[in-house]
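Participant: Got a structure for you, written out below as structure tokens; questions coming shortly.
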Amino acid sequence: MAQKNYRGEIASKNELKSFLREGDTENFSPYEIIFDRGHQSAPLSRYGDFLPSIGWVEEFVKSGGSFDSCGVWGINPFFGVEMEEWGVCPQFSGKMLALLGRADYDYNAIVAVWEKKFHPQTRAEFHAVVRGIQRKQLADKAGCHPSKSLMTLGWMTEPRWARYICKTSTRVGAGFTNYTHFNGVYAEALLNGQCLENPTFASWVSKRPSPEVMACRPYQNRPALRAVGQISNLPKNLYGAAMRHKKEYRQRLESVGTGSSGYLLVDATGEPICHDWQQGYKKISHRRVREDMSAMKIGEMWFLWDPNFGFQRHIENPSFREGLKFWEKRTRKGEPRPLCLNDVRNDIIETAGFCLAGTKAFLQNRMPFLYRLISQYNSWDQIPAEIMSTTWFVDFKIFQGYPIP
């Protein structure tokens, strides 16, 4: 019986035999003459018979589709079997895969797009349909009013979508909701805007714990810690007593980056341990300046921090007097004004003296779009000048729970 090749042409008997070993015509698999990559070294028989039906595969490949066991440059054969069982048109599936170019980004929503009877003509339109389907489901669960169409939601920018959810939701918990996310959207930047006019959103905000409470929660149930050096040097009788009393005799250490002294080790209480890996585990000498401030000097640089919150939130300055001045400046309430990263970096005179590690931690929580621009850099000097000098008009209410530059 004549078969079609991957171009949809009728293959001659001689052409079919060219793909077969002599004496093997009875075991011929039609997948041997379908090539989803345009050359004879990649017949679909490489997947055995674990494929959709020959008719579905032919139409899928002719429409621009391909297979890949990793599901990247084509669909996994098992996914193809599932799509055929679900009744997804092979021509539509192949055309959409050719439109996207890859199967590992949004193509997993092909079944939902087909069921909604959408036929995207561009890659951007396909992604908008997928976003719209996901957002429409979330908006309906959140009871958003007024309701919007699927495509209107799909074409919304992320900030506009977040405002829509926070301003129109009538229920909480419809999606991913936690300290920073409300009904599936990042809500930190909207806490002091018009969204608070929505009683549902305002009630959720009022019940959120403070940033300080959130920072302390991981440590509330931890056992007491006592620093006694290396565990191997502990006498066996003391080690046994420690196990019986569920005490830990070795501190948890955290690495905190600084601008002038590299990385410092910080213990579980937030105190700096050492600034030289060769010195072993020992605390750095520092003094309590007042109730809300500790200070120490390493080389020519002064470090100031609030012992109530730990060394992770510190400032650096060559002058103790200037550092104290900047500390007062960063802790008082500020008003909205233009601000750029050059205003907060820690190695330029007359700046607020923020280290890059602390700045990135703040941006990741409150200004993720700016965090994505600098997340790959490990020091201020690596960040391009145009990013450092870009001015942002910041409402200083965004610094709630953080020191103000």
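Participant: Lys and Arg at +1, Asp and Glu at -1: add these up for the other residues within a Cβ distance under 13 Å of Glu84 and post the number.
Facilitator: On the way: positive: none; negative: Glu58, Glu59, Glu82, Glu85.
Taking every other residue near Glu84 into account, the sum is -4.
Participant: Given H placed on each backbone N at 1.01 Å, which residues far from Asp36 in sequence or on other chains put an amide H within less than 5 Å of it?
Facilitator: Residues meeting the amide H criterion: Leu44.
Participant: Using the structure shown, list the pairs from Lys167/Lys360; Lys62/Lys117; Lys207/Lys297; Lys62/Lys148; Lys62/Lys141 with a Cα-Cα distance above 32 Å, or answer none.
Facilitator: Working: Lys167/Lys360 29 Å; Lys62/Lys117 21 Å; Lys207/Lys297 41 Å; Lys62/Lys148 37 Å; Lys62/Lys141 40 Å.
Result: Lys207/Lys297; Lys62/Lys148; Lys62/Lys141 exceed 32 Å.
Participant: Grab the other residues whose beta carbon is less than 10 angstrom from that of Gly71, score K and R as +1, D and E as -1, and report the net.
Facilitator: On the way: positive: Arg102; negative: Asp68, Asp104.
In short, -1.
Participant: Then there is this: Return the Cα extents of segment 125-208 along principal axes one, two and three, sorted largest first, each rounded to a whole Å.
Facilitator: 38, 21, 20
Values in this text are rule-based calculations from the coordinates and carry no lab data. Since the structure is predicted, the reported quantities are computational estimates derived from the model, not experimental observations. No Cβ is skipped: glycine too gets one built from the backbone with ideal geometry, and neighbour counts run over all protein chains shown.
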